[in-house]
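Accompanying notes for the structure given below.
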Amino acid sequence: MGEKRLVRSSTNQMLCGVCGGIGEYFNVDPTVIRLLWVVFVLCAGSGILAYIIAAIIMPVESKLP
């Protein structure tokens, strides 16, 4: 089997697929990740920057087998 990689989701995305990819990696509903991200943005304020960095760094999910 292939190794598990942290990638942006191409199927479960709202903006760039970062939260969908994190949810798939940890086997958690992406909606929970999105809610946690909103709380992080409202409390710390640096969540927007972290999302942009993650969207740039994380590769897009490949559909190849």
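So, with +1 on the Cβ of K and R and -1 on the Cβ of D and E, and no other charges, what is the size of the charge dipole of the chain about its Cα centre, to the nearest 20 debye?
About 80 debye.
Against the main long axis of the alpha-carbon atoms of the chain, helix 47-57 sits at an angle near 20°. Close amide H pairs (under 5 Å, H built 1.01 Å from N) link residue 8 with 60, 61, residues at least 5 positions away or on another chain. Among the listed values [x] 61, 24, 16; [y] 27, 25, 19; [z] 40, 22, 19, the one matching Cα extents along the principal axes in Å as calculated from this structure is [z].
No lab work stands behind these numbers, since they all come straight from the coordinates. As the structure is a computational prediction, the values presented were derived from the model and not from experiment. Note that each Cβ is placed from the backbone with ideal geometry, even for glycine, and that neighbours are counted across all protein chains shown.
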